[in-house]
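Read-outs throughout are calculated quantities, based only on the coordinates presented, and are distinct from any laboratory measurement. What you see is a predicted model, and the numbers here were worked out from it, not measured in a lab. Glycine also receives a Cβ, built like all others from the backbone with ideal geometry; neighbour counts cover every protein chain displayed.
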Amino acid sequence: MPTLLILITVGLYGAALLLWVRFRTYRYLVVLLAGHLTMISDPLWQRLYEFTYATSATGMTLWGRTVPLFMILSASWLATLPAMVMYFGQRQRWWPRHYLSGVVAFVALILYHIILQGLARRLNLWDYSSAASTWGLSHHLFISVLGALVSLLILYTLVATRYYAAELAIPALVAGIAVAPVLAYGILGAPYWLPTLIGQSTTITKAGAAITVLLTAWVVHLACWGLHASRKQLVINQ
């Protein structure tokens, strides 16, 4: 399976180059490259959300934690691929930039990350420790919601920088993709992981998770409203 993830990575880089030639857009290639930066904070998420990779996985040691090579490579698309597909669909006018379409997109992103988490557990790519597994499926659903938020923020970054010149768009895309996991897992997820980190009761941890979900819903609302506002701005420009 790690080999398949690497092959998918190579294939997507090839597709990004073809899109650059066909549509004269460098954005997909930049997004893939920037996706690798999300692995910089991976050891921190291992600690805060108590997940580990398969013991047989080989990779590099970062901040005292092992990050497998297949994760470093596939990080280019695990969170960015659905955002790029949705952005491409908007460019092709398959669906409008509307608040409701943003909500539907977020639900689809949750389903994508649920499937991703399920496949990873089944194939023993990564899993959560016994302490975290007391949440059962709810814990994995919680992680999937945060992952969906990361992808939605990447989509918003793509849309928001659509008309930027390259010297502005590239730094904004790279920064947006690098910051998205920090905002979702680090800041919005703090009410959940902080009680777990200091060893509080399950009840307090669940309350923190509920607060995180509410904060996530608020950020999703802002992102969807931003997508809708960009649509109105496009109409004005036309």
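Overview of results
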quantity: Amide H contacts of Leu62 (H built 1.01 Å from N, under 5 Å, at least 5 apart or other chain); calculated: Val67
quantity: For Val67, net neighbour charge (Lys/Arg +1, Asp/Glu -1) across residues whose Cβ lies under 15 Å away; calculated: +1
quantity: Net charge contributed by nearby residues that have their C-beta within less than 13 Å of Ile115 (K/R +1, D/E -1); calculated: +2
quantity: Rounded tilt (10° steps) of 99-122 against the dominant C-alpha axis of the chain; calculated: 40
quantity: The chain: calculated mean residue ellipticity at 222 nm from DSSP helix runs of at least 4, using -39500 (n - 2.57); calculated: -23000 deg cm²/dmol
